[in-house]
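Below: one structure, written as structure tokens.
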Amino acid sequence: MLRALLTGGAGIAVPGVLSGCARRAEVGGGIGPATAVPGGTVIWGKSAEAIALDPPKSNLGSSWDLIQVIYDPLVELDDNLNVVPALAQSWQTPSPTEYVFSLRPDAVFSHGRPLTADDVVETFRRHLDPENPTSFASFIGGPSTTVSKLDDRTVRFRLAAPSRTFLSALSAASAVILPMKEIDAGGLDPTTEMLGTGPFLVQSHEQDQRWVLVRNPHAWRSPAADRLVIPIMPDVNSRIAALGNGSIDIADFDQPDAPLLLSSIPNLAVRVQQCTDFFVLTLNACGATPFADPRVRQAIACGIDREKIRRVALADAGEVTGVVSAAFPGAIPSSLRRDPDRARSLLAEAGHPNLRFEIIYGATAGDTVGGAITQIIQQSLAEIGVTVVATQLEEGVLNQRAWVSVPAQMDATVTYYAAFGGPLMAMRNWSPQLAPFAVGFQQKDPHLTELITQAWQAEGGVVTEAARRAAEAIEQQANTIPLVTKPVVVAYRSDRVTAKISGLDGNVDPMRHVEALSRTHVGGR
Amino acid sequence: MTDSSTTGAPAAARPARSAPRSLRIPFRGDPLGWLGLLLLVLLVGVGILHPLLPLGDPLASVGPRVAGPSARFLLGTDELGRSLLPRVASAIGVTIVLSAIAVLVATVVGVAIGCCAAYASRRVDQLITRVTDVLFSFPTILIAVLVSVVLGPGRPAAIVAIVAVTLPTMIRVARAEALRIVELDFVTSAEVAGARLGWIVRRHLLPNMREAVIVQCTYSISLGMLVEGGISFLGLGVQAPDTSLGALVGAGRLYLTVAPSYLLIPGFVLGLAVLAFNLVGDSLRAQRREQ
Amino acid sequence: MAEPPLVELDDVSFAYSQGSAWARVRTPVLESFSLQIAPGEMIGLVGESGSGKSTVGKLCLGLMRPESGQVRFTGTPMRRQRPGTLSVVLQHPQTSLNPRLTVERSVAEPLALARADRTGRRERVLQILEQVGLDPSFAQRYPAQLSGGQRQRVSIARALVTEPRFVLFDEAVSALDVSVQAQIINLIRSLQDVHRFGAIFISHDLRATRYVADRIIVLQAGAIVDEGSAHRFYEPAKHEYTRKLQLASDI
Ligand SMILES: Nc1ncnc2c1ncn2[C@@H]1O[C@H](COP(=O)(O)OP(=O)(O)OP(=O)(O)O)[C@@H](O)[C@H]1O
Ligand SMILES: [Mg+2]
């Protein structure tokens, strides 16, 4: 389920100049009665090992949360998904295709070298390499975008066209700034070592066991805790037990049921974090398959009871969503409605009244949401005469069959798409031209790609006419059907630590306010 | 000690021992054996006849999520609000039937290989024995997981996994029995009279191996149910929305603190089924030893 | 023109090999061993345990191949004979019959193997059972319902039901009670008078052997140490080893 692939395109800049006030974390600014005393060790039971450490190449949410603890991006999202300063203390948009960022003077890598404009320029040159652009590059305009240094603390991006996704994309884990001087000199391998400007630095790491992070002495945003120990605990029950017996202080959960499971543990603060990520049912419409016929896909889209998925599979924790994640304030509501009669007649029209297909889904230890969603789909499609065979696959096999093979070796899969900090960013996943990973299952539709590109370039608020047209076309195409948002649950021992957990996140970063994490009693451990 | 053979005294004059046609009167004076048999009949009955019983629909989401036992849902509900009573009942059937089918296959193959080993040249026999030993020394669940990864998850994988796990023991038992029987005088007599391999296997080996093989089957089925449990627990066996006892235990594990019955009841039933087969197996074995 | 011997061991050597396929242990049993059995002749084979009697018997039945030399049946090299030509009665009454088969089915087995006419089989079985002294009521019994002597009778019936040309009796009476032994030996004797099959009668017991056999061969450590017509063995033998056997079994 750890899938977070995205597409980019051109977009129009959000006009406006935000002068950056450095966001110093308010220690103890959230929940927990006790006052935090800075210092101490906090233990975070992490649900999955971070295995894709090189930020530009990393497409796994389970790596992003750690990357965002070690590195900083130019800009960040606040709790309402507004773009706010980070390494860039301010920026200007002299024209809709031009961004000029001034860097913080106090940003220093954890080995002591101050951040320079060269680091930023070189970081993005890696993304925008015309030979081999990263998957992320399309969000910032692709290889036609140029990045240059104006002086040691000023960097300029020039885009070929306006982009609605550019600025929020810069807040993503993939866009964090690397110490390019060391990397280019060959002294640092970003795929195995992590060296950033973030609040913590890596002291030690045992694969699949634990990370030990300590405070980055040079951090411009110094964390409250001295140490952050991160045991890797894929098993839900062990995380629950460890929270209960105090061997960990904080943990993240993919299970919407986590609040229920944790309800018996005293002194536990449990926060459901809404995420822009959302679950989808991806139909493989490439090749000789019933799904090549749009009527069959629309029938499936009308047959699925998404409200039941929300209620049962998500335990009421998320929301039914359209192409623009319902987690975004002011999102475009989904145009899809459950209509079994229409579904049946579409199937009959298409000549597949008794359609039968297989949904493959992955399952990491204890992650049961994909299975639950699949089973609800199974139930609701049974009502329109469609038989769904559900098959749970090992993650590697699933990846190969669904995302690597062209054409994809599947009928359909339940997965989730990362939607990031910009409402329109996830749209690119419906265009194989913009999102190469989709080429194995997503029908090529130049018209749709055109609509998405227009939406990305249109000016106005979130709900531009262009965005609405694109969203509706995507939902009518029904090649990949948006289902429900994907909430995350974070729980921490309020008697032992103070933490600030944001209620809404766009970059798969449950520990977004990691610098606010602190032991309540120093020397308590 | 005089012999009455020449007189051909009527059979009634002799204490008429029942013909040892194996398992005709099982478990005489063996309450544990009876208990096992009773449990078995009960479990198999419920597992197979559950669609006819008024237990509810095992697939419909009709209740609250993850609720403990109540008057309406006697065993509670699962994470999709499905009643656990019919789900456990159908899981019993799936678990026992899968295991039984697999053990049937393992028995046919194992007996065939065992008979061949007994009749093959010593080199071939030793090869079979070594391969069996190697297979036997693999951790059970590793074989099972390997099989389901290679074949893809699902019932066939579960069956093949159980076959892979139970086959070595079956070959051992069959081979040992075949070797023992081949040495018996009546087989030599048949050979001298012109019997060929097929005849001997059919007439002499199979009927005389039967009991040992049946006893082994009962143990294999209980092992098979545990294997099925293991791989379904890992999500590699029976696929949703169908379920097996192992799959239920795997799913219920998450809710141990909230609705312990979700894990404990299928776990208990699985234990009961294993126990039933083992009790029956023990009884059959004890009875065989007596004969 | 002399009739060829029924069974002939011609300069036969034989050794058992044991152990794993990679570490063989050879146990030589016979060396340059020769023996001829005329049609209808009953040879008595005596000797102490381990002297090689059963080995000789199995070679005569073609159950094993000699290392060197030749085994011939009616003058031609031994190969698979037509079913029903050869048969055997072995020592252990407990294992001589398949416990799963009724007496009738056991006795009929060689007939079935010889593809004897199905309709006549039952009659033939009852007839041979009568000849070995068992009335038709035994036909439906299982071995577990028979005494040791009765089982041996059934074995004999089974061995003779196809009127074989050569029968091996390997310790056919040794496991039985003495009084029963006499009955069975009488039975074999009388059946041989009727059926005129060639036979080897193996026994430790010289007394029984000399009663049933035409000719007696004394075996010691795989070699023939004494040989002669049966009545010769009623007198004290000249050969020292034979004398010992006489002492052991006679008085
Ligand atoms: N299957 C076998 N493998 C190896 N050695 C054997 C085997 N059968 C017999 N022998 C050996 O061969 C020799 C002759 O055995 P054989 O059975 O012919 O003796 P025997 O005269 O029939 O003895 P007994 O009166 O005890 O039946 C013995 O030393 C015995 O140990
Ligand atoms: Mg012998």
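The phi torsions of segment C:37-54, fed into the Karplus equation with coefficients 6.51, -1.76 and 1.60 and a -60° offset, translate into couplings of 10, 7, x, x, 8, 10, 9, x, 10, 10, x, 6, 4, x, 6, x, 4, 4 Hz, rounded to whole numbers, with Gly and Pro shown as x. Remark: mean inter-chain Cβ contacts per residue of C:98-104 equal 5, using a 10 Å Cβ-Cβ cutoff to other protein chain atoms.
A Cβ-based charge dipole, computed about the Cα centre of chain A with Lys and Arg at +1 and Asp and Glu at -1, lands at about 540 debye. Quick check: the angle from helix B:206-233's long axis to the longest principal axis of chain B, C-alpha only, nearest 10 degrees? It is inclined by approximately 20 degrees. In terms of its C-alpha gyration tensor, chain A comes out oblate, because a/c is 1.5 or above while a/b does not outweigh b/c. Calculated FRET efficiency, residue A:206 to residue A:316, Cβ-Cβ distance, R0 = 30 Å: about 0.20 to the nearest 0.05. Remark on segment C:132-249: Rg and Dmax equal 15.6, 51 Å (Cα only). Rounded to the nearest 10 degrees, the inclination of helix B:140-151 to the longest alpha-carbon principal axis of chain B is 70 degrees.
Note on residue B:109 and residue C:240: their simple-model spin labels are 6.4 nm apart, each label 7 Å out from Cα toward Cβ. Once both labels are positioned 7 Å from their Cα atoms along Cα-to-Cβ, the gap between residue C:36 and residue C:182 label points is 3.7 nm.
Determine which lysines satisfy two conditions relative to residue C:53: a Cα distance under 24 Å, and not lying fewer than 8 residues away in the same chain. Partners within reach: C:238, C:244. For segment C:93-163, the Kirkwood estimate of hydrodynamic radius, built from reciprocal distances between every pair of different alpha carbons, is 11.7 Å.
Could you compute the FRET efficiency for residue A:79 and residue B:272, with r as their C-beta to C-beta distance and R0 at 51 Å, rounded to 0.05? The computed FRET efficiency comes out at 0.45. Look at the stretch B:179-189: the mean tally of other chain Cβ atoms within 10 Å of its residues' Cβ atoms is 6. Across segment A:78-184, the relative contact order, built from alpha-carbon pairs under 8 Å that are at least six residues apart, equals 29 percent. Ligands, DNA and RNA left out, the 1.4 Å accessible surface of the protein assembly as shown is 57% carbon and sulfur atoms. Note: chain B, Cα convex hull, 176 Å³ per residue. Here, P(r) means the percent of Cα pairs in each 10 Å bin from 0 to the largest distance; for segment A:272-424 it is 11, 39, 38, 12, 0. Is the shape of segment B:116-243 best called rounded, prolate or oblate, per the rule: a/c under 1.5 gives rounded, else a/b larger than b/c gives prolate, else oblate, with a ≥ b ≥ c the square roots of the Cα gyration tensor eigenvalues? In terms of gyration-tensor shape, prolate. When accessible surface is computed with a 1.4 Å probe, chains B and C are found to bury approximately 3600 Å² between them, both chains counted.
Between the Cα long axis of helix C:148-160 and the first principal axis of chain C there is an angle of about 90°, rounded to the nearest 10.
At an R0 of 51 angstrom, the distance between the Cβ atoms of residue C:121 and residue B:53 translates into a FRET efficiency of 0.45.
Remark: C-alpha extents of segment B:148-223 on the principal axes read 51, 21, 14 Å, sorted largest to smallest. If you wrap the tightest convex hull around every Cα atom of segment C:139-200 and split its volume per residue, you get 84 Å³. Per-residue extension of 0.36 nm, minus the Cα-Cα distance of residue A:185 and residue A:52, leaves a gain of 45.7 nm for this segment.
Placing +1 on the Cβ of every Lys and Arg and -1 on the Cβ of every Asp and Glu, with no other charges, gives chain C a dipole of roughly 840 debye about its Cα centre. Using the average count of surrounding beta-carbon atoms within 10 Å as a protection proxy, the listed peptides A:483-493, A:238-248, A:40-50 rank, highest first, as A:483-493, A:40-50, A:238-248. As a length-normalised measure over Cα pairs under 8 Å and 6 or more apart, the relative contact order of chain B settles at 25 percent. Simple point charges give the picture: +1 on the Cβ of Lys and Arg, -1 on the Cβ of Asp and Glu, and for the protein assembly as shown a dipole about the Cα centre of about 2700 debye. Summed over both chains, the contact between B and A buries some 1800 Å² of accessible surface at a probe radius of 1.4 Å. In segment C:13-52, Rg over Rh equals 1.14, where Rg is the alpha-carbon radius of gyration and Rh the Kirkwood radius from pairwise Cα distances. Summed over the residues of segment C:34-113 and divided among them, the accessible surface reaches 37 Å² per residue at a probe radius of 1.4 Å. Using only Cα coordinates, the Kirkwood hydrodynamic radius of chain C works out to 18.9 Å. Only protein heavy atoms count here; on that basis, with a 1.4 Å probe, residue A:91 has an accessible area of about 0 Å².
Percent of Cα pairs in the protein assembly as shown per distance bin of 20 Å, from zero to the largest separation: 11, 29, 22, 15, 15, 7, 0.
A simple spin-label model places pseudo-atoms 7 Å from Cα toward Cβ; at residue B:34 and residue C:196 they are separated by 6.5 nm.
Diffusion of segment A:78-184 by Stokes-Einstein, at 20 °C in a medium of 1.002 mPa s and with Rh set to the Kirkwood radius over alpha-carbon pairs, works out to 152 µm²/s.
The values are calculated or read from the model by the stated rules, or taken from the named source; none is laboratory data. Because the structure is a prediction, the values reported are computed rather than measured. Here Cβ is always computed from backbone atoms with ideal geometry, including for glycine, and neighbour counts include all displayed protein chains. Protein only, heavy atoms only, side chains kept; ligands, DNA and RNA dropped before computing areas. Shrake-Rupley method; radii C 1.70, N 1.55, O 1.52, S 1.80 Å.
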